[in-house]
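Asks: After the structure tokens below, expect a handful of questions from me.
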């Protein structure tokens, strides 16, 4: 299974921060693919460095009266190879359902992009013992009808994103093993991945990479994570 270190910059990054992407491109290790998903305002300029880049979301429609939205074809036209869909922040802040996520992923694949479909439980759902039920329902509805050749799945427990908390290695292994039984595509772990914990996370079975938030904003941190993946 191919390895992917993906950085999600979220709503961060101005023109001056392109230097970090340039440094990531220059230092990207062999042995894994390295991807940055910057804000759309930087996408075309980031692609010029020769690094794989992706969008953070796309609309399910190819064109039309959808002010402020971007189609998958627009992202591809700007140089994107990937697009993240179904991130927990989109599901929570914008009320996106798994069926809507699937429609976006289908649009992405139709435009030649690889869709990174995100799934994950909240803290309340984990505490209630519903992690596998929630993740199972999300994955079943979010990847329906998709081409596995252009699909990556990212497991991001909502309670671990940006909090500095991570599940135990056993908890990560449980969910990734559960997902592997359902999809034969690269599986990324996301949620407070840092240089200090990357190697042990990548040693977990069925973890093929990471979807990294804050640590991807600094080239030194993200390259350390990518190198740990390449060595795994």
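No lab work stands behind these numbers, since they all come straight from the coordinates. Worth saying up front: this structure is predicted, and the values here are computed from it rather than measured. Cβ placement follows ideal geometry from the backbone for every residue including glycine, while neighbour counts extend to all protein chains displayed.
Asks: Mind checking whether some residue in the stretch 145-158 is crowded, with 18+ Cβ neighbours inside 10 Å, out of contact with any helix residue (DSSP H, G or I) (no Cβ under 8 Å at 6 or more places or on another chain), touching a residue at least 24 places away in the same chain (Cβ under 8 Å) and under 30 Å from residue 106 (Cβ atoms)?
Replies: Checking the stretch 145-158: at least one residue is crowded, with 18+ Cβ neighbours inside 10 Å, out of contact with any helix residue (DSSP H, G or I) (no Cβ under 8 Å at 6 or more places or on another chain), touching a residue at least 24 places away in the same chain (Cβ under 8 Å) and under 30 Å from residue 106 (Cβ atoms).
Asks: Further question on the same structure: Among the listed residues 89, 81, which satisfies the condition of being surrounded by fewer than 19 Cβ atoms within 10 Å (Cβ to Cβ) and at negative phi? Spell out the reasoning first.
Replies: On the way: 89 fails: surrounded by fewer than 19 Cβ atoms within 10 Å (Cβ to Cβ).
Exactly one residue qualifies, and that residue is 81.
Asks: Give the residue that is farthest from residue 57 (Cα to Cα), with candidates limited to residues of the stretch 88-109 that are free of Cβ contacts under 8 Å to residues at least 40 places away in the same chain and in a helix (DSSP H, G or I).
Replies: Per the criteria, the residue is 93.
Asks: Given (1) on the phi > 0 side of the Ramachandran plot; (2) surrounded by fewer than 18 Cβ atoms within 10 Å (Cβ to Cβ), where does residue 67 come up short, assuming only one miss?
Replies: For residue 67, the failing item is (1).
Asks: Restricting the search to the stretch 6-27, which residues are within 14 Å of residue 81 (Cβ to Cβ) and touching a residue at least 60 places away in the same chain (Cβ under 8 Å)?
Replies: 6, 7, listed by residue number.
Asks: Pick out the one residue from 184, 221 that is free of Cβ contacts under 8 Å to residues at least 40 places away in the same chain and farther than 27 Å from residue 13 by Cβ.
Replies: So the residue among 184, 221 that is free of Cβ contacts under 8 Å to residues at least 40 places away in the same chain and farther than 27 Å from residue 13 by Cβ is 184.
Asks: All but one of (1) under 18 Å from residue 36 (Cβ atoms); (2) surrounded by fewer than 22 Cβ atoms within 10 Å (Cβ to Cβ); (3) out of contact with any strand residue (DSSP E or B) (no Cβ under 8 Å at 6 or more places or on another chain) hold for residue 213, so report the exception by its number.
Replies: Unmet condition: (3).
Asks: Is one or more of the residues making up the stretch 117-129 under 19 Å from residue 186 (Cα atoms), surrounded by fewer than 19 Cβ atoms within 10 Å (Cβ to Cβ) and touching a helix residue (DSSP H, G or I) at 6+ places or on another chain (Cβ under 9 Å)? Before you say what the answer is, go through the steps one by one.
Replies: Let us first name the residues in the stretch 117-129 that are under 19 Å from residue 186 (Cα atoms), namely 117-120.
Subset that is surrounded by fewer than 19 Cβ atoms within 10 Å (Cβ to Cβ): none.
There is no residue in the stretch 117-129 that is under 19 Å from residue 186 (Cα atoms), surrounded by fewer than 19 Cβ atoms within 10 Å (Cβ to Cβ) and touching a helix residue (DSSP H, G or I) at 6+ places or on another chain (Cβ under 9 Å).
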